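A short worksheet on the structure shown next.
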Amino acid sequence: MQYFVKSSEPQKQKTDCAIIPWLETSKVPAGLKALDKACGNAIKDAARRGDLSSKVGASTLLIGGANSPCKRILVVGCGKPESFDRKTFTKVTGIAAGALARTGAKDAVSYLSQALKSGRKEQAARRLAMDTVAAVEQATYRFDALKSKQHRQKPIALKRFGIAVSQSSERNAVSATLPQARAIAEGARLARDLGNMPSNRCTPRYLASVARKIAAKSKKASARILNPDEIKRLGMGALLSVAAGAVEPARLIVIQYRGTSAKTKPTVLVGKGITFDTGGISIKPGQGMDEMKFDMCGAAGVLGAMQATIELGLKKNVVAIVPACVNMPDGNATNPGDIVTTMSGQTVEILNTDAEGRLILCDALTYARRFKPDTIIDVATLTGACVVALGPFVSGLMTEDDKLAAGLLEAGELAGDQAWRLPLMKEYGEGLASNFADFANVAGREGGASIAASFLSRFTKDLRWAHLDVAGTAWKSGKEKGATGRPVGLLVQYLLNA
């Protein structure tokens, strides 16, 4: 999708479809009266007939007259003026894009922002661009490449989407933000595609091939893929223990992007890449196990963020590290009670083989030290406890660094990809005590998200580090089952701000 910004008079803007907000005031918005007049008062007449609804998300498609600048007019309900906020704007923008995707409209201009409170500052204009692109991409995303031709949906005609603004200052801010929003959207699309692929296609080797393609897009980037023998020589006993029962060999995927001086310390993004998680010997129940193909969404998010970073040519040094493997039970699989030696030299008693994400991450975090990082951010679909605590709305953020936490939370807010800070205190790690190893990989059920983060913190001492648990936000279940592409927006916006 191509995105553009318009600040010209609406009645002079030719388009296949104008998207108009309809509030409980039941009046044509003041700034759009001239457009309605140019369209033969189509909106006013539809309102008089009772064809328009102000209910949030309700939409009515009108046909423009012969001399109308708009071939179509999509009127979208936006509720009460005082309740029309950022979330409602994003929701109705997505609904409008979805409705247009079912028509033959090739381009559209959205005037929905006219329902927002006036006097927007630059930051709000940037959010407008971010939210519009995210909503349109979400509404028009499809993953049907693996369906037979007769079951695929008709291609979407909509190719260009315009954002109408009334002030030149807004136009400048929106124009400057659109390339960033577009790159984030493409990164999120990659993350969604990877998450939605079945595990018989999206394997560790496939993730490695994607990493190579991402790195090949820039002379400033390079990819290195470590095989099991190399991983073993590094002493990554925890990572190899998770892959022990799988036929598919483990990989450690590394992309290095050098966007500025080599003297500048990089930001390292580490993503959990379990391409399928059976739970190993501590096997999961069968119901819903198909969704364990999404257990590599942390890796997908990191790869998507790296793609956006390279596309934008950020003047940053960024490294992506993905420990990738499959957690399977067989005669070679790790047993509960087994003890492994991590790359850091610390030993871990594996009490539950289904707590495998922290095992592959701990070795990757140790490996990250060789890049002398300024900051490390790991991303993982790590705990069901985080889903219970926060639901599907916000990602869990854990760090001991207040400044880093503030930066990530601000980035998530701007990108519309929010996180919420959870505690990380030494008490959460006390239950990891082991009689036989330095510590265990699990403790009690209570506070499980913070306990998992406490485990990881044992490998990040003296590092500026944050952990993002995206188990609740990386994919949706039920009727809308599928990957969301989060937290690509948060990660890229953090890099933009840093």
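The values are calculated or read from the model by the stated rules, or taken from the named source; none is laboratory data. As the structure is a prediction and not an experimental result, all values here were calculated from the model. As a convention, Cβ positions derive from the backbone with ideal geometry for all residues, glycine included, and neighbour counts pool all protein chains shown.
Under the condition of being surrounded by fewer than 24 Cβ atoms within 10 Å (Cβ to Cβ) and in contact with a strand residue (DSSP E or B) (Cβ under 8 Å, 6 or more places away or on another chain), which residue from the stretch 289-308 is farthest from residue 380 (Cα to Cα)? Going through the qualifying residues, I end up with 291. Filtering the stretch 89-124 down to residues that are among the β-branched types (Val, Ile, Thr) and out of contact with any strand residue (DSSP E or B) (no Cβ under 6 Å at 6 or more places or on another chain), which residue is surrounded by the most Cβ atoms within 10 Å (Cβ to Cβ)? In this case the residue turns out to be 93.
The rows are residues; the columns are (1) of a type in the set (D, E, K, R); (2) in the same structural domain as residue 106 (by TED's automatic domain parsing); (3) under 23 Å from the mean Cα position of the chain (by Cα).
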site	(1), (2), (3)
151	no, yes, no
176	no, no, yes
179	no, no, yes
182	yes, no, yes
185	no, no, yes
201	yes, no, yes
206	no, no, yes
209	no, no, yes
217	yes, no, yes
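Here no helices (runs of 4 or more DSSP H) wholly within the stretch 290-407 include at least 3 residues being of a type in the set (S, T, N, Q) and farther than 18 Å from residue 442 by Cα. Under 9 Å between Cβ atoms, which residue pairs at least 6 apart in sequence (or on different chains) link something in the stretch 465-485 that is in contact (Cβ under 8 Å) with a residue 60 or more places away in the chain with a partner that is part of a strand (DSSP E or B) and exposed (fewer than 14 other Cβ atoms within 10 Å of the Cβ)? Listed pairs, sorted by first residue: none to list. Total residues in the stretch 439-498 satisfying the condition of being of a type in the set (Asp, Glu), surrounded by 24 or more Cβ atoms within 10 Å (Cβ to Cβ) and farther than 22 Å from residue 410 by Cβ: the figure is 0. Condition check for residue 104 on (1) touching a Lys or Arg at 6+ places or on another chain (Cβ under 8 Å); (2) in a loop (DSSP other than H, G, I, E, B); (3) touching a residue at least 40 places away in the same chain (Cβ under 8 Å): one failure, at (1).
Taking the criterion of being crowded, with 21+ Cβ neighbours inside 10 Å, among the aliphatic types (A, V, I, L, M) and at pLDDT 90 or above, the residues of the stretch 1-38 that qualify are 5, 18, 19, 20. Kindly indicate whether any position in the stretch 433-442 is without any contact (Cβ under 8 Å) to a residue 40 or more places away in the chain and farther than 17 Å from residue 336 by Cβ. Checked the stretch 433-442: no residue is without any contact (Cβ under 8 Å) to a residue 40 or more places away in the chain and farther than 17 Å from residue 336 by Cβ.
Selection of the stretch 5-27 for residues being within 19 Å of residue 71 (Cβ to Cβ) and either more than 35 Å from the chain's Cα centre (by Cα) or not assigned by TED's automatic domain parsing to the domain that holds residue 88 (or both) yields 9, 11, 12.
If the condition is being under 13 Å from the mean Cα position of the chain (by Cα) and at positive phi, then the stretch 449-498 contributes 482, 485. Residues that are within 19 Å of residue 344 (Cβ to Cβ) and touching a helix residue (DSSP H, G or I) at 6+ places or on another chain (Cβ under 9 Å) were ranked within the stretch 427-437; the one that is surrounded by the most Cβ atoms within 10 Å (Cβ to Cβ) is 432. For the criterion of being touching a Lys or Arg at 6+ places or on another chain (Cβ under 9 Å), among the small types (Gly, Ala, Ser) and over 29 Å from residue 413 (Cα atoms), residue 64 passes. Of all the criteria given as (1) in contact (Cβ under 8 Å) with a residue 60 or more places away in the chain; (2) surrounded by fewer than 24 Cβ atoms within 10 Å (Cβ to Cβ); (3) out of contact with any helix residue (DSSP H, G or I) (no Cβ under 7 Å at 6 or more places or on another chain), the one not satisfied by residue 286 is (1).
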